[in-house]
Structures are given as C-alpha cells and as structure tokens.
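Report on the structure given below.
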Amino acid sequence: MKPLFAQIPALIHGCDYNPEQWLDAPDVLDADIRLMKEAGMNTMTLGVFSWVTLEPEEGKFNFAWLREIMDRLYEAGIYTILATPTAARPAWLDEKYPEAMRVNAQGIRAHHGVRHNFCPSSPKFRMRAESIIRALGAEFKDHPGVILWHINNEIGGECWCEFCRARFTAFLKDKYQTIDHLNKQWWTAFWSHTYNNFEQIEPPWRNGETTIHGLNLDWKRFITWNFTDYVRFESDILRDIAPHLPQTNNYMHLYPGLDYHKFSEIIDIISWDSYPVWENDKETYFQTAMDPSFDHAVMRGLKPTKPFMLMESVPSYVNWHPYNRAKKPGTHLLSAVQAIASGADSVQYFQWRASRGSFEQYHGAVLTHSGKTNTRAFQDVKALSDTMNDLKEIVGSVVASSAAVLFDWDNRWAIKDAKVLSDNTKNYEDTCRKWYTAAMTQGISADVISPLANFEDYKLVIIPMMYMIKPGFAQRVKNYVTSGGVAVMTYFSGWVNENTLCHLGGFPAEGLSEVFGLEAVEIDTLYPGQTNHAQFAQNHFKVMDYAEILDVGAAQVLASYTDDFYQQSPAVTRHDFGKGTAIYVGCRMEDAGNEYLLRLAASHANVRCMKIPSGVEYHERHGDAQYAFYINWNETAVTVHDCKPGVDLITKKSVDTSFEISGKSVAVIKAT
Ligand code: GAL
C-alpha cells in the first residue's frame, strides 16, 4: 500500500495557510510553526491567493518570504502543498488587462475584485498566469518540502466574453463539423431556429436564445471544456517545469457547473472541499452525513484505485451558511473519520489562522483570533491528530465497492433543462443520493461513477433516471447483464440521445427495452400531496412524484400499482437476461422501497448485505488488512452485529462479532 506522498507515510493533516497576511508580525509566524507542531499538522497549503505578494508589480517577483516560510516549515517536518496563485488577480493586472475580468450572462463585464472570476480564454490573463507559474515553479520545484501542486482554487462560474464566444464557436464546429448536422441535432426547424452558419450562434444569453436544449447543453459542456483546457494549460506548464511533482485541483461538493469526470483525466490526485450544514434544524446527523458521504463516493469514484484528499473542511463553523452553527462535541471527529472511511488519506482545513480582517475574518480556523490553544477548535484538531495517528496503517488502502451508482453531469444538465415532469420534483441529484443511502444502509458499499467509467467492474449497478443515453452505453448495459451483472434502472431512463433528441421507437431506448423486458409508455407526474403504492407479494411501499405505466413483455412483475387508472398495472419488474438480472423501478418509491429492492438485487448479485443499526454509517477499506469503519451518528450507544472479529485501532481492544459503540463515536476494526 503506497502513501500518496513517499515523504509522508501517514495520513495528511493540514490547512490552508496564509502567512502573507502576517508578514509584518514575525511573532505570529513564529507562534504558527510552534502551534502547528502542537496540533499535529504535517502539511500546509501555501500560495492560494498570494499573487499580489508574489508579484507586487508586473514582472517583479518576490519569493523570498515564501521561501523562508517553506524552509522553516520543512525544518519543522511540515510539508508544503504549493498553489498556483491564479484564483484571485492583483489590481495591477485588471487595470492593465481588463479582458481578464469576466463578462456575465447579460453581457456586462465585471469590475475588478472578489476572486474565482478570471476569464479562462483571455490571452493576456493566460500570459500573466504563465509568467507567474513559470517563475514560481522554477523557484520551488526542487524545494524538498514541496509535495504537490495545487492548481488554481475551486474553478467555477462562467465567462461570456468575446474570447469565450469565439472558442464556443470553435467547439461547436469541431463537434458538429457542418451546420446542417448541428441544426438536425438541435432540432432547430422548431420555431424557425435554423442557423445558416456557425457564426450566427450566440451563447444562450439570458435575454437571448434560451429555448434550444441542445444549445443550452452544449454551452454547459463548453464551459467544462474551456476550464479543462485552462487547467491543462496550468498543468502542462507545471509538468514541463517539475514533472516529478503530482498535481491536484480542488473540487467543490457536487458543483453543478462543471463535469468533474473530465477534469480528473488531467490531474493526478483527486481532492475536494467539504462544508456540510451540520447541526441544522431539519435533519438527524445521519441524514446530514449522507450528503458528504455521497460526495466522497463521487470523489472516490473519479480514481477508485487510490485515496483522495479532503483538501478543505472546517474545525468549527464557516461564515457563509444561512446560520453558522458551531459544531457540537464529536461532530468534528465523526466528519473527519467519515472522510477517511470513505477513502480519503487526508483531513485538511480552511484555514490555519483566522484572518484579522476582510471577507473571511469570521470563518472558523484552527487558531482563532485569540491565538490560544485552549479553544474547542484547536483541541478537537489536536485530538484528531492522535486518532489519525492510530489509523496510520490504513494509509494507501482503498474502499473496494461491490456496487456503483451511475451519475452523469450531462444527464443532470439535460434533466434540469428538459420541459417535462415537474421542476419542483425532478430532483435528479437527490434521487441518486437516495439510492446511494439505500445501499449504504444495507451495508452495500457503492461508488458513484460516470456511465462512461468501468461499471462492468461492479457486481451491482444502480442507474437512476438515466434520461440521456450516450453512444455505446445501452450496449454496455446489455453486455453487462448478459454476462451476469445485475442492473437496477429507474423511471425516466433512456429517452434522449447525447444532444437531447428523443429516441424513437419506445423508451427505454437503444435496446434497453429488450434488456429490461418492457416499455415505459407513459409517465404520470403526481402533485406533492398525491401518492400511490407499489404492492409487492408481501410488502407495499409508498409511491410519490413519478409513476410510469409499463407495457411489460418478457419481464416478471414484482409489484403493481394499487391506485388510479393504472391500478394493478406493473410498477416494478425483474427480467432474467443472459446470465444476469435487470430490475426496472417504474416509480419513485419511499426509501424503504429502494432498500427492499436493493436487498433483492444484492441477492441476485451475490453481494453481502449487513444489518447496520439505524444511524450508523459503515465503510470498509482494504489494503494489507481489512478495516471496517463504524460511524455512530446517533447520540446514544448502539450495538453492531455481524462484524468480522478484530482489533479496534482506536481503543486497541479486541472486538467480537458484536460490540457496542457509544453515542457520536467511531470504531475502526482491523480484521484479524
Ligand atoms: C472554499 C475556498 C476557501 C475558503 C472556504 C471558506 O470554498 O476554497 O478559499 O473561502 O471556501 O469556507
């Protein structure tokens, strides 16, 4: 089992560190390094947003301060993750090169300021970015403390300037080759929207053409294409200068604006920033926890064979939630162990020390404005260092999931834009999350992966609301089931091609009807107060929001509707196809219905289910040994059963097949 960095054979524990805000306070910087050691930090991320301190005037670099700090960190055994500083621009840059500032969807150019708002197409911006990256890279590539490049920061947003428009035109030409082909795929004869040439096509301005689904979708794809091009631009420079150093680019949550599957091809290590709304007034801890749990599974699924990094989190509270609640005792430990259990080899924070002024001065940090160590934040972080030390031997191990939930950004965008169902209840992301949770509660570990990824490697594949069928996908599902795989697919699948043109000849299209042994002939969209039920042989489950009317061919009916004009018609089916099984869920069922079906699917797939107590999150990591993680989000103790006997790495006690975990605590059992 290899650690992510040969220099650190341990879990990474670190922070974003912004010493440039304190250069006139040497006592603060001295205290920092001492206290970082006391807190058990082994890395710091430097240089994010430091551009103006590194290059106070165009072409005049000042790296001395950074070198001194990196040297001192290194001497103290703390490694540096070095960021390119391009996520926030100095005033001199915007003054001289206004084209670096973005144009919005109304066509208005931004003024200088804020951050995460550079135009990725601007040649002048790229020129200045290349200059600082080359200089920074040349200066620090051989510094023994540097372990990783952190490209930019949380790429996001959109720019609608003339440069971006020109690149959009080129993107469309490259994709469609002829305007005729584009017109057909976008179905532009409708409403007289036919284009004569590529140059006529505008981006979907807010006060312009917003009604062509193909255009809207291609614009989204273009934004991803253009930003991946930008990340590749930075990445290529860094690979040229320092090919020995790996690269990352921190992602955000399930960010709607960019297809992270595409970014992951460029960088070496997946990392992301997680800020769940803990302690809210509408959910249990477990319910809140399922949000980051799913997101971790997405990140893990981007490169399933190696650990990812939790690049940012917060030991206390943020300053941008609707209500910035303090984490209650235990929440920090559980959320950090959740990340590790899910396959992360790091727990990092924004930020080491709270800023004295400006926009994030009240954001939580390991060190508060008091500078003291007797705060809960500092003590929680310090205690977590001890726990992470206890877990050291899991470094480099991975989560080996038997199931996959297929999740696709193109499909997500297409569903959101489609004028069908109800915008209030489509909830594609939530639906995928619910299937993930249903698997988790049955003890089935699921990765969340792209339909273009190798789902063939999993025993059980869950395909929620796969409205868009990309070329080759249906055939792969067919091959997968034929050769023994178990697929669970839901309503609203197989309607359109990759450009949102409806498939003709019946849904689910492209041969999926044959695999599932049915056709979905109609879909009923219920109002929020309306329900139906799916009646199985011995159970029945509530149906809400969507109910498809199915024309069943070779499939076997597992459940029928109890109400409405389609009463007694099939709602859920199973089709034994080739050596495998294809289960079709024609309606949106309550959670217990999904759980029931997954138990059934798991029995066909030869996947072991476990009885996990309610409110407990379970993961396994596999390496030289097998490590079972139990995270008890309940505030009261629970007894877990059905475990592999072993040793709890935290308490060092032996445990048998059943044991008790106290409220809001964790157990990590190494199987013996
Ligand atoms: C992240 C960002 C950090 C900091 C943090 C605050 O999204 O990368 O720079 O702003 O949020 O929660």
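The values are calculated or read from the model by the stated rules, or taken from the named source; none is laboratory data. None of the values given here were measured: they were computed from a predicted structure. Neighbour counts are summed over all protein chains in view; Cβ atoms, including those assigned to glycine, are modelled from backbone coordinates with ideal geometry. Calculation scope for accessible area: heavy atoms of the full protein, side chains included, ligands and nucleic acids excluded. Shrake-Rupley method; radii C 1.70, N 1.55, O 1.52, S 1.80 Å.
Let's see how each residue does on (1) away from the ligand (no atom under 12 Å from the Cβ); (2) in a loop (DSSP other than H, G, I, E, B); (3) among the hydrophobic types (A, V, I, L, M, F, W, C); (4) touching a residue at least 12 places away in the same chain (Cβ under 8 Å):
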residue	(1), (2), (3), (4)
294	yes, no, yes, yes
306	yes, yes, no, yes
318	no, yes, yes, yes
325	yes, yes, no, yes
In the range 268-278, anything assigned to a loop (DSSP other than H, G, I, E, B) and either within 16 Å of the ligand (Cβ to nearest atom) or free of Cβ contacts under 8 Å to residues at least 40 places away in the same chain (or both) is listed as 268, 270, 274, 275, 276, 277, 278
Those helices (runs of 4 or more DSSP H) completely within the range 159-244 that have 3 or more residues that are open to solvent by less than 10 Å² (accessible area, probe 1.4 Å) and touching a residue at least 24 places away in the same chain (Cβ under 8 Å) are 162-176, 213-241
| said: Checking the structure you have, find out if any residue of the range 388-405 is away from the ligand (no atom under 15 Å from the Cβ), of a type in the set (S, T, N, Q) and open to solvent by less than 10 Å² (accessible area, probe 1.4 Å). | reply: yes
Taking the range 356-387 and keeping only residues that are open to solvent by less than 10 Å² (accessible area, probe 1.4 Å) and farther than 19 Å from residue 278 by Cα, one is left with 367
Those residues of the range 145-159 which are over 23 Å from the mean Cα position of the chain (by Cα) and closer than 12 Å to residue 244 by Cβ amount to 146, 147
A careful count of residues in the range 577-592 that are in a loop (DSSP other than H, G, I, E, B) and either closer than 17 Å to residue 554 by Cβ or in contact with a helix residue (DSSP H, G or I) (Cβ under 9 Å, 6 or more places away or on another chain) (or both) gives 3
Among the residues of the range 1-33, the number that are outside any helix (DSSP H, G or I) and within 16 Å of the ligand (Cβ to nearest atom) is 5
Out of (1) exposed (fewer than 14 other Cβ atoms within 10 Å of the Cβ); (2) under 30 Å from residue 545 (Cα atoms); (3) assigned by TED's automatic domain parsing to the domain that holds residue 514; (4) among the basic types (Lys, Arg), the one residue 611 does not meet is (3)
Those strands (runs of 3 or more DSSP E) completely within the range 366-471 that have 3 or more residues that are among the β-branched types (Val, Ile, Thr) are 460-463
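A quick yes/no check of all residues on (1) touching a Cys at 6+ places or on another chain (Cβ under 7 Å); (2) of a type outside the set (A, V, I, L, M, F, W, C); (3) within 15 Å of residue 50 (Cα to Cα):
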position: 99; (1), (2), (3): yes, yes, no
position: 108; (1), (2), (3): no, no, no
position: 111; (1), (2), (3): no, yes, no
position: 119; (1), (2), (3): yes, no, no
position: 125; (1), (2), (3): yes, no, no
position: 132; (1), (2), (3): no, no, yes
Per the list (1) without any contact (Cβ under 8 Å) to a residue 24 or more places away in the chain; (2) open to solvent by 40 Å² or more (accessible area, probe 1.4 Å), residue check on residue 37 breaks on (1)
Filtering strands (runs of 3 or more DSSP E) wholly in the range 490-554 for at least 2 residues that are closer than 16 Å to residue 466 by Cβ gives 518-525, 540-552
Of the residues in the range 647-672, those that are open to solvent by 40 Å² or more (accessible area, probe 1.4 Å), β-branched (Val, Ile, Thr) and either closer than 18 Å to residue 612 by Cα or touching a Pro at 6+ places or on another chain (Cβ under 9 Å) (or both) come to 657, 672
Conditions (1) under 30 Å from residue 458 (Cβ atoms); (2) hydrophobic (A, V, I, L, M, F, W, C); (3) more than 16 Å from the ligand (Cβ to nearest atom) -> residue 347 fails only (3)
Pairing a residue in the range 59-70 that is at positive phi with any residue that is assigned to a helix (DSSP H, G or I), where Cβ atoms lie under 8 Å and the two sit 6 or more apart in sequence or on different chains, gives 59/131
Inside the range 455-502, the number of residues satisfying the requirement of being of a type in the set (Ser, Thr, Tyr), over 25 Å from the mean Cα position of the chain (by Cα) and open to solvent by 20 Å² or more (accessible area, probe 1.4 Å) is 2
Checked 118, 61, 140, 125 against criteria (within 16 Å of the ligand (Cβ to nearest atom), under 26 Å from residue 232 (Cβ atoms) and of a type in the set (Phe, Trp, Tyr)); the one match is 118
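If you take the residues in the range 245-262 that are more than 16 Å from the ligand (Cβ to nearest atom) and open to solvent by less than 40 Å² (accessible area, probe 1.4 Å), which one is farthest from residue 301 (Cα to Cα)?
245
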Does residue 524 satisfy the criteria of being out of contact with any helix residue (DSSP H, G or I) (no Cβ under 9 Å at 6 or more places or on another chain) and farther than 27 Å from residue 212 by Cα? no
In the range 620-643, residues that are within 17 Å of residue 445 (Cα to Cα), modelled with pLDDT under 95 and among the charged types (D, E, K, R) total 1
